[in-house]
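**Q** Before we start, here is the structure in question, set down as structure tokens.
The values are calculated or read from the model by the stated rules, or taken from the named source; none is laboratory data. Not measured: the values here are computed from a predicted model. Positions of Cβ are generated from backbone atoms using ideal geometry, with glycine treated the same way; all protein chains shown enter the neighbour counts.
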Amino acid sequence: MEILKHTGRIVFALPFLVFGINHFRFASMLSGLVPHYIPGGVIWVYITGAGLIAASVSLLINKFVKVSGLLLALLLLSFVLTIHLPGLSNPQMAQMAMAGLLKDTSMMGAAIMASAFFGNWKKQ
């Protein structure tokens, strides 16, 4: 069972590392996804990229997993609320927005489960 937990934690963490690195590699392209009503533009791409990398590293080294899993879930929720839900109203982007919404929602649930499963929650 321990090998499955270890493997699952690593497999879950690696895509967030790639997503985070890509936020830095493709910042100018991703800045177009930042909603116009949120000031800062590309800085949010860098901040979210750093958050994704930090969450991934936390999971990979198995430290602070409880808090990083919950913060990762909150970050993914912000993507759903600010990018994907508004994108559903654009007929040209609705299919991509729905795919992103479902992907980020499922990863949000997995981040919450990782927080509970791998985090050091004290038993009552």
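**Q** What are the residues in region 24-53 that are free of Cβ contacts under 8 Å to residues at least 12 places away in the same chain and in contact with a His (Cβ under 6 Å, 6 or more places away or on another chain), if any?
**A** Within region 24-53, no residue meets the criteria.
**Q** From the set of residues in region 28-79 that are among the hydroxyl-bearing types (Ser, Thr, Tyr) and closer than 20 Å to THR105 by Cβ, which is surrounded by the fewest Cβ atoms within 10 Å (Cβ to Cβ)?
**A** In this case the residue turns out to be SER78.
**Q** Given the condition within 18 Å of MET107 (Cα to Cα), surrounded by 20 or more Cβ atoms within 10 Å (Cβ to Cβ) and polar (S, T, N, Q), answer yes or no: does some residue in region 6-22 qualify?
**A** Within region 6-22, not a single residue is within 18 Å of MET107 (Cα to Cα), surrounded by 20 or more Cβ atoms within 10 Å (Cβ to Cβ) and polar (S, T, N, Q).
**Q** If you scan region 59-89, which residues turn out to be without any contact (Cβ under 8 Å) to a residue 40 or more places away in the chain and not hydrophobic (A, V, I, L, M, F, W, C)?
**A** Correct list: LYS63, SER78, HIS84, GLY87, SER89.
**Q** Given ASN120, ASN90, which one is modelled with pLDDT under 95, in a loop (DSSP other than H, G, I, E, B) and closer than 22 Å to THR7 by Cβ?
**A** ASN120
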